[in-house]
Structures are given as structure tokens and as C-alpha cells.
Amino acid sequence: MPGGGTAKREFIKHVGAVLTVPLDDQGRVGLIRQFRVPAKEVLWELPAGLRDVEGEDLELAARRELAEEADLHAAELVKLGEFYSTPGISSEVIHYYLATGLTPVPEADLHQRTDEETHIELAWWDLDKALTAVAEGEIRNGVCALALTLTKLHLDRA
């Protein structure tokens, strides 16, 4: 502990994760609806997932998740940042990317979804509408809320 003391803590050692914010040519963000077992509800989220192996290349992982969950390829990825998701209980760091130059994954290469991914739906939202949905509680996934905010900050600086 800081200052030299010790403390007993239980926490989850996590391999890390990536998230992409798909942004189309009209400036809309691609949000997915996915059932989450711990929340026991369908949530609005962004394409995201675990690094498959420790040390997996972050951009490759981000591209893989975008293809698997949104059926999209991105010509360009821009890193928006990296943040701890819940540092009081987990070492998970999520790496956030903005994905542009989007094209559909060819049908022959589509990922076969299973379990909670089976019924993923993709919907295109105006970014300001999505941020309003965060403020009004319609979007309740904190990781998604941060990603939308980072996207807005990035676009406002551009």
C-alpha cells in the first residue's frame, strides 16, 4: 500500500478489453443491443470484448470485436484512450477506439454468434441523441457512456 503498509484485498486479475465506436460517414455511431446476464437485461452498448490472449495486439483485437459484433471492417482506428473499468475490484483496462471508413464484412466471413451474442442488434444513432440517452438513463452501460463522451470530445477537437 502507499506509505508502506499492507492490506488484504480480493480482486479480479483481468486480461483487458477493447471497445470500438463505429462512426459512419453521416456522423452516426453504431450501437448494439445485447443481453447481459449479470444485469439480466438487454443493454445498449458498443462493440467490445476481451483480449483473446494476454498481450494480444490491441488494434487487432478491436478490429476483431468490431467484425464479430457489428459485422463491420474499419479503414481507420484512432485511439481515444484507456481507462480502468472498475479499479476497486478489477485490474481490467479497456482500450477505446474510434472506427471510421466502415465497410460491411463479406457474408462468407461473418462471425457465427453464440450465447448472449446470438441476438445482437445494430442501430445507428446520432451522437448527440446517444449522449442525451446517457443523461436520461436509456443508455446505462458506463463503459459505453464514457466511449460516447470520448468520441464527442475527439470530434469537437478535430
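Each reported figure results from applying straightforward, stated rules to the coordinates on display, with no laboratory input. Given the structure is predicted, the values throughout are model-derived calculations rather than measurements. Ideal geometry is used to build each Cβ from the backbone, glycine not excepted, and the neighbour counts take in all protein chains shown.
The phi-based Karplus calculation (6.51 cos²θ - 1.76 cosθ + 1.60; θ = phi - 60°) puts the 3J(HN,Hα) values of the range 9-17 at 9, 9, 8, 9, 7, 10, 6, x, 8 Hz, whole numbers, x for Gly and Pro. The slack in the chain from Glu117 to Asp25, taken as 0.36 nm per residue of separation less the alpha-carbon distance, amounts to 30.5 nm. Largest mean-square fluctuation among Gly49, Gly101, Gly88, in a Gaussian network model of the chain whose springs join Cα atoms under 10 Å apart, belongs to Gly88. Placing a pseudo-label 7 Å from each Cα along the Cα-to-Cβ vector at Val42 and Thr132 gives an inter-label distance of 2.2 nm. The packing ranking, built from the mean of other Cβ atoms within 10 Å per residue, places the peptides 144-156, 32-44, 13-25 in the order 13-25, 144-156, 32-44, highest first. Once both labels are positioned 7 Å from their Cα atoms along Cα-to-Cβ, the gap between Asp57 and Val15 label points is 1.7 nm.
Each Cα pair under 8 Å and six or more residues apart adds its separation to the average, and for the range 17-157 the resulting relative contact order is 32 percent.
Based on DSSP H assignment, which helices of the chain show an axial Cα extent of at least 20 Å together with a mean Kyte-Doolittle hydropathy greater than or equal to 0.5? Result, helices passing both filters: 142-157. Annotation: extensible slack from Lys8 through Thr103 equals 29.3 nm (criterion: 0.36 nm per residue apart, minus Cα-Cα distance). Cα gyration tensor of the range 17-90, axes a ≥ b ≥ c as square roots of the eigenvalues: rounded (a/c below 1.5), prolate (a/b > b/c) or oblate? Note, shape of the range 17-90 comes out oblate. May I ask for log10 I(q)/I(0) of the chain at q = 0.14, 0.15, 0.18, 0.20 Å⁻¹, from a Debye sum over the Cα atoms as equal point scatterers with solvent left out? Reported log10 I(q)/I(0), two decimals: -0.71, -0.81, -1.14, -1.40.
Considering only Arg140, Arg28, Arg113, the mean-square fluctuation computed in a Gaussian network model of the chain, springs between alpha carbons under 10 angstrom, is largest for Arg113.
Could you work out the helix-only [θ] at 222 nm for the chain, with each DSSP H run of four or more residues adding -39,500 (n - 2.57) and the total divided by the number of residues, to the nearest 500 deg cm²/dmol? Intermediate values should be presented prior to the final figure.
Details: 3 runs with 38 residues, N = 158.
Result for the chain, helices only: -7500 deg cm²/dmol.
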